[in-house]
Amino acid sequence: MVKIFLDLKWFFKQEQKAYGLGIGLLVFVAMLQLIPPRVIGVIVDLIQNDILNLRILFKWLGILAAAAIGMYALRYYWRIMIFGSAVKLTRQMRNRLYSHFTRMSQAFYQRRRIGDLMAHATNDLQAIQQTAGAGVLTLVDSLTTGGTVIIAMAFISWKLTLICLIPMPIMAYLTSYYGSLLHKSFHKAQEAFSDLNDKTQESINGIKVIKTFGQEQEDIESFKKQSEDVVKKNMTVARIDALFDPTISIIVGISFFLSIAYGSKYVLAGDLTIGELVSFSTYLGLLIWPMLAFGWLFNIVERGRASYDRVMVLLDEKVDITEKETAIHAKAEGAIQFNVMEFTYPNEDSPVLKNIHFTLLPGQTLGVVGKTGSGKTTLLKLLIREFDGYTGEIIFGGHNIEEYTLEGLRRSIGYVPQDHFLFSATVADNIAFADPEVSYSDIMEAAKSAYIHKDILQFTDGYETVVGERGVSLSGGQKQRISIARALIMHPEILVLDDSLSAVDAKTEEIILKNLKENREGKTTIITAHRLSAIQHANLILVLDEGEMIQQGTHEELMQKDGWYQTMYLQQQLEELVEHGG
Ligand code: ADP
């Protein structure tokens with residue numbers, strides 16, 4: 001249990017002023033709490049000895065009132081100090097997690113699911129905050145209130161105090177046993193919540209597919225099942241949780257029993273006044289809270305421990321795409337020499353790229369074609385350093401791409417991925433994403449090059465039209481062209497179009513390619529495509545098959561040779577003829 005507080009030492013140190021003050025006030029409250037029971041005892045004895053008058057009564061009542069007001073004010077301030085600081089812990093951890101998420105590579109997101117990551121950033125941080133707030137409170141309070149009350153009881157009668165404390169070790173044992181049970185079950189409950197989060201996120205994302213396949217009922221059933229699993233696991237937590245209070249009540253009950261039984265005996269023997277026994281019993285009543293707090297402490301801290309461990313496992317995952325300390329921060333530019341002997345995806349067995357060698361000079365266009373799954377996208381991912389870990393080297397502007405900072409490298413590359421993504425923002429903001437400072441005329445220029453300007457003007461609010469989440473209100477071709485405009489706005493040294501013209505018709509494709517040629521003179525373009533017309537004018541065309549280059553050359557050269565390219569080109573021409581009724 002102590003470990004979580006040690007783990008959070010960095011935070012307590014950082015907030016030591018607030019925690020110091022908060023804990024100081026808590027201790028003070030614990031001492032003020034001792035006053036009322038003693039005052040009651042004194043008054044009882046005064047009554048019993050028949051010496052109570054109004055003046056004395058008011059004096060004691062005044063003391064009672066002062067103690068009550070003091071406790072009221074101090075309790076307010078320690079709450080602000082301790083709970084207020086705990087909120088800061090969540091903020092810091094959340095920011096740490098978020099910046100970690102943004103630094104992680106694709107491989108990480110392949111391993112982890114979004115719902116799970118969200119659960120870490122919400123439920124788990126909540127549990128950690130509880131530890132830094134209520135956890136600290138219950139720890140300090142159970143020790144100080146408990147300690148001072150026991151001392152005050154010992155002052156009245158140390159023998160009776162010892163007798164009443166006999167059941168305490170049993171309680172300590174039981175609460176620590178429940179604590180370990182709780183740890184395990186809470187961990188499982190959080191994992192189930194992660195899974196449920198994931199399921200919900202995936203279902204909402206895939207709602208169109210679910211509906212078109214008429215799978216709503218099945219989806220609801222599977223949601224129910226997972227939701228029930230969460231309930232079941234949380235019930236287990238609640239069941240263990242529920243053991244704490246009754247156990248503590250029984251133990252305190254036994255203590256009360258002992259105090260009355262032995263206390264009365266001492267009063268009869270003249271060792272204790274009635275007033276002292278009343279004070280003693282009231283003190284014993286004050287012990288209930290610290291005991292409960294002690295039970296809660298186990299509960300809160302075990303949850304915090306489980307959650308902290310979960311978050312730390314995430315934060316400890318190494319960023320696998322790293323920068324060298326001496327990395328070049330300048331924008332990369334120049335020729336590309338791509339020499340990759342072999343690349344295998346993490347956790348896979350067989351290589352997806354083998355012996356890919358080519359050189360591309362500034363201003364040239366490279367076309368990459370081949371069957372689905374032949375490795376076209378993978379080749380691009382290595383170039384933009386989405387994955388490392390290949391044998392060979394990729395040189396860009398005379399330096400290995402690993403020599404650049406990630407920002408330096410990526411600022412040079414305008415990547416339009418296959419699975420384009422638009423933010424829930426205006427069309428203009430989506431296009432200006434990489435550089436929010438650009439002028440409206442630049443935005444329009446990019447849109448015109450991507451042949452989407454006219455479409456945008458047709459939208460209800462033109463460039464200010466808000467694109468729905470994931471751009472649902474636009475057609476696939478429109479989304480593709482906005483993504484192209486987004487890449488063009490950076491005037492990248494290399495423009496990478498990963499099958500980015502698949503959803504536009506052949507005529508639009510031709511216009512876009514013509515615009516690119518005119519507007520991007522001297523800059524490099526890499527295009528992967530299924531429709532060979534998209535890469536026909538490239539300076540170099542690579543044909544990939546199962547990760548290997550089976551053909552390379554210009555369109556004219558490749559058309560001279562029997563092979564995949566020629567066959568495919570003729571076939572696609574025939575298809576087009578048929579389409580146009582030829
Ligand atoms: P293409 O772009 O030509 O369709 P890809 O480069 O996407 O081909 O894929 C090449 C091969 O690598 C395929 O067999 C695919 O299943 C596999 N692959 C692609 N991405 C990953 C990944 N992130 N992890 C593991 N295997 C992958």
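Here are the numbers:
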{"item": "Verdict on Ala127 being in contact with a Phe, Trp or Tyr (Cβ under 7 Å, 6 or more places away or on another chain), surrounded by 19 or more Cβ atoms within 10 Å (Cβ to Cβ) and under 24 Å from Glu191 (Cβ atoms)", "result": "no"}
{"item": "Pairs, first in a helix (DSSP H, G or I) in segment 147-163, second crowded, with 20+ Cβ neighbours inside 10 Å and of a type in the set (Asp, Glu), C-beta under 9 Å, six or more apart", "result": "Ile156/Glu276; Ser157/Glu276"}
{"item": "Segment 378-415, subset closer than 24 Å to Glu548 by Cβ and of a type in the set (S, T, N, Q), residue nearest to the ligand (Cβ to nearest atom)", "result": "Thr378"}
{"item": "Within segment 347-370, considering residues that are part of a loop (DSSP other than H, G, I, E, B) and more than 7 Å from the ligand (Cβ to nearest atom), the one nearest to Ala529 (Cα to Cα)", "result": "Gln364"}
{"item": "Enumerated helices (runs of 4 or more DSSP H) restricted to segment 1-93, each holding at least 1 residues that are within 20 Å of Gln129 (Cβ to Cβ) and open to solvent by 30 Å² or more (accessible area, probe 1.4 Å)", "result": "2-7, 9-14, 16-32"}
{"item": "Contacts under 7 angstrom Cβ, first residue in segment 525-551 being small (Gly, Ala, Ser), partner in a loop (DSSP other than H, G, I, E, B) and away from the ligand (no atom under 14 Å from the Cβ), 6 or more apart", "result": "Ala529/Leu501; Ala534/Leu501"}
{"item": "Candidate set from segment 486-505 (those that are farther than 24 Å from Phe396 by Cα and open to solvent by less than 40 Å² (accessible area, probe 1.4 Å)); member that is nearest to the chain's Cα centre (by Cα)", "result": "Leu501"}
{"item": "Selection status of Asn430, without any contact (Cβ under 8 Å) to a residue 24 or more places away in the chain and either charged (D, E, K, R) or away from the ligand (no atom under 16 Å from the Cβ) (or both)", "result": "no"}
{"item": "Lone qualifier among Leu297, Leu292, Leu277 - being in the same structural domain as Ala154 (by TED's automatic domain parsing), modelled with pLDDT under 90, crowded, with 21+ Cβ neighbours inside 10 Å and not polar (S, T, N, Q)", "result": "Leu297"}
{"item": "Residues that are over 12 Å from Glu464 (Cβ atoms) and either in contact with a helix residue (DSSP H, G or I) (Cβ under 6 Å, 6 or more places away or on another chain) or not in a strand (DSSP E or B) (or both), drawn from segment 414-430", "result": "Gly414, Val416, Pro417, Gln418, Asp419, His420, Phe421, Leu422, Phe423, Ser424"}
{"item": "Residue ID - least open to solvent (accessible area, probe 1.4 Å), chosen from residues in segment 407-427 that are among the β-branched types (Val, Ile, Thr) and farther than 25 Å from Ile321 by Cα", "result": "Val427"}
{"item": "Residues of segment 435-475 satisfying the condition of being modelled with pLDDT of 90 or more, at positive phi and loosely packed, with under 15 Cβ neighbours inside 10 Å", "result": "Gly462"}
{"item": "Selection from segment 510-538 of residues that are over 40 Å from the mean Cα position of the chain (by Cα) and either open to solvent by less than 20 Å² (accessible area, probe 1.4 Å) or hydrophobic (A, V, I, L, M, F, W, C) (or both)", "result": "Ile511, Leu513, Leu532, Ala534, Ile535, Ala538"}
{"item": "In segment 142-157, the residues that are surrounded by 23 or more Cβ atoms within 10 Å (Cβ to Cβ) and under 46 Å from the mean Cα position of the chain (by Cα)", "result": "Thr145, Val149"}
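The rows are residues; the columns are (1) under 23 Å from Val2 (Cβ atoms); (2) out of contact with any Lys or Arg (no Cβ under 9 Å at 6 or more places or on another chain); (3) not in a helix (DSSP H, G or I).
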| residue | (1), (2), (3) |
| --- | --- |
| Tyr173 | yes, yes, no |
| His183 | yes, no, no |
| Thr200 | no, yes, no |
| Val209 | no, yes, no |
| Gly214 | no, yes, yes |
| Asp245 | no, yes, no |
| Ile260 | no, yes, no |
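The values are calculated or read from the model by the stated rules, or taken from the named source; none is laboratory data. Keep in mind that this is a model prediction, so the values were computed, not measured. With ideal geometry, Cβ positions are generated from the backbone for all residues, glycine too; neighbour counts draw on all protein chains shown. The area values use the complete protein model at the heavy-atom level, side chains included, leaving out ligands, DNA and RNA. Shrake-Rupley method; radii C 1.70, N 1.55, O 1.52, S 1.80 Å.
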